[in-house]
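The values are calculated or read from the model by the stated rules, or taken from the named source; none is laboratory data. Note that the structure is a prediction, hence the values are computed from the model and not measured. Reconstructed Cβ throughout: ideal geometry from the backbone, glycine too, with neighbour counts over all protein chains shown. To get the accessible areas, we keep the full protein, side chains included, count just its heavy atoms, and leave off ligands, DNA and RNA. Shrake-Rupley method; radii C 1.70, N 1.55, O 1.52, S 1.80 Å.
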Amino acid sequence: MAFFASLGAGVTKFRAMEDVKHLKEKNSNVNYTAELLWNRKINDPDTHTAFISTAGVLTGYRLNKRFTAVLNLKLSHIATNFEYRLQRTNQFTGEQFIDDAYSYKRSSVDITASAGIMFTPSVDRPFRR
């Protein structure tokens, strides 16, 4: 029986999703473009950086000289912290309104399990000189 444990930590980048909707004010002819935008400064890139950590366990049982049955369990955690803003633009006048800001401080946990057969090449022959 073999047992291997692993820990990892790092940084990942992803794009924050943005959304645009076209709205018409009730009982009038006023049209708006409503945008849910990632609240970043003008020179910031289009991606958000988040911290990620992982822990894993791999166990194996040797079936014979070359094959091992393995079970792999992995837990990943990602934490995000950024802000969205809801912005309306009057399509006729071009006037912009920032209605609200939403903090997007979320954690996500991902658990992965896999099982399989691992092939291990054998080097039983002594090395030649």
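For the chain, with every protein chain kept in place, what is the accessible area per residue (1.4 Å probe, Å²)?
Values: 10400 Å² over 129 residues.
Here the per-residue accessible area is 81 Å².
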Exercise. Obtain the nm distance between the two label points defined at residue 112 and residue 57 by a simple spin-label model: each point lies 7 Å from its Cα along the Cα-to-C-beta direction.
Key: 1.8 nm
Self-check item: Projected label distance in nm at residue 104 and residue 119, using a 7 Å step from Cα toward the beta-carbon
Solution: 4.4 nm
Quiz item: How much accessible surface does residue 37 have with a 1.4 Å probe, in Å² rounded to 10?
Solution: 30 Å²
Quiz prompt | Share of carbon and sulfur in the accessible heavy-atom surface of the chain [1.4 Å probe, %] | solution = 56 percent
